[in-house]
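The structure appears below as structure tokens.
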Amino acid sequence: MHDAWLIAKREYLERVRSKTFRISTVLIPVVFALIFGLGAISGKVSGRPRTIVVASNDPALAQSVRTELTHQHSTRASNSQPIEPMQVGVVAPASAADLASLNRDVQRKTIDGYLWLDVGSGQVRPQATYVSRGSADMFGEERMRNAIVHAVTREELMKRGVSSAEVHDMLQSVDLKTMAVKDGRTRTSDAHKGFWSAYVMAFVLYFAIVFYGMNVAQSVVAEKTSRVFEVLLASTRPESLMAGKLLGVGAAGLTQMAIWIVAVFLLSAPALGAQLGHGGIASYGVTPLRLAFFVIYFLLGFFFYSALSAAFGATVSQPSEVQQFAMVLVLPLLVGIILIVYILGNPAALPVVLLSLFPPCMPVVMCLRMSAMAVPWWQLGLSLALMLASTYAVLWFASRIYRVGILMYGKRATLPEIVRWLRYS
């Protein structure tokens, strides 16, 4: 352990003092800020009022659809929910000449599109067609569909003697309060906040484990090509060398993440406080237990994947070859990211439980399950035991490959050769 700590200290100081560390610490947040900033700017640019025309051979239906479209915007605005503004005109009853004129207006970009509602004789539901400049223009499709359904319902109810005020009350949306059962009691929960908190935590786990795990592999290959290992192995064991590298690189990564977190809180403390409100991060379902397990799974996942990265890094001779096995390593973590909606919607399903107990997928999937339900204690204990055992096994496996692989040059190792390395060590 003394040798491992010395190597870890060297790795940590060498990385923290390097220009690459300082540049990446500043550059990575700037790149993400530019991405989100461009997204916000594009949202504002595309958020200009859209102009559409409702054309129909039924004037009453056309006016009702226009009322529904404008009513949706005012209702969502009063609920502080963003919705793209829309300016709606009406042409009814519309003839073939009117439709030809609307086509020319769309082509000249005078209007963004028009909604044609053709009500046949004796029919209740119209044939609806939205015409715009491009077939990929899917703007407001669901919004227009809802407006048409509400308008048809309104017209039919009023024909049957229901007053306009009663129809208005019946078509109002219902506020749905979501609650979750935890520890045998129902507690208020916000599905949107819970989803985003789970997504952020899963993404942080994925990004940190993959990014810093690949750093370990790059470091191994760099020192292998420079023949530094030949000197180091004369005074220390390969296991101590690999353990020190994992600890040093991991500490440097945690330092970089701590700098980012502190900077975010310092720069946006008032905005974060207003967003969190009185409930704090607990309103997003982030409890002390979840944070504790998040840190545990982060550390175990880092050592698990970093050991695999070190082992694979020892089998190649060029830094460019590292990226070829990167996808193989990150694929299990990607499973949790890809299936996030299914996992959050079915946290107790058997496939999800099995994935959360499968060590390569465990860090991301188990954190997602904990955000969606109260995971039984026996499953949490079993997951930690499996993760600890698998991490130890991977460290043992990786150290055997590492012992021989770092002294092999000139070609990439094949699977039979790796098996022979395990026998040699």
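Please treat every number below as a calculation from the coordinates, not as lab data. What you see is a predicted model, and the numbers here were worked out from it, not measured in a lab. No Cβ is skipped: glycine too gets one built from the backbone with ideal geometry, and neighbour counts run over all protein chains shown.
Some values worked out for this structure:
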read-out	value
Per-pair calculated FRET efficiency, R0 = 51 Å: T67 and A292 via Cβ, rounded to 0.05	0.45
Label-point separation, A348 to V90 (7 Å along Cα→Cβ), nm	5.1
Sorted by Cβ density within 10 Å, fewest first, the residues Y212, Y297	Y212, Y297
Estimated FRET transfer efficiency (V162, D98; beta-carbon r; R0 35 Å; 0.05)	0.65
Among 16-29, 355-368, the order from most to least packed when residues are scored by Cβ within 10 Å on average	355-368, 16-29
For H168, H71, H2, order by how many other beta-carbon atoms lie within 10 Å, fewest first	H2, H168, H71
Cα-based shape type of segment 337-406, given that a ≥ b ≥ c are square roots of the gyration tensor eigenvalues and the cut on a/c is 1.5	prolate
Ranked R154, R237, criterion: other C-beta atoms within 10 Å, fewest first	R237, R154
For a label point 7 Å along the Cα-to-beta-carbon line of L382, residues of segment 333-349 with backbone N under 18 Å	347-349
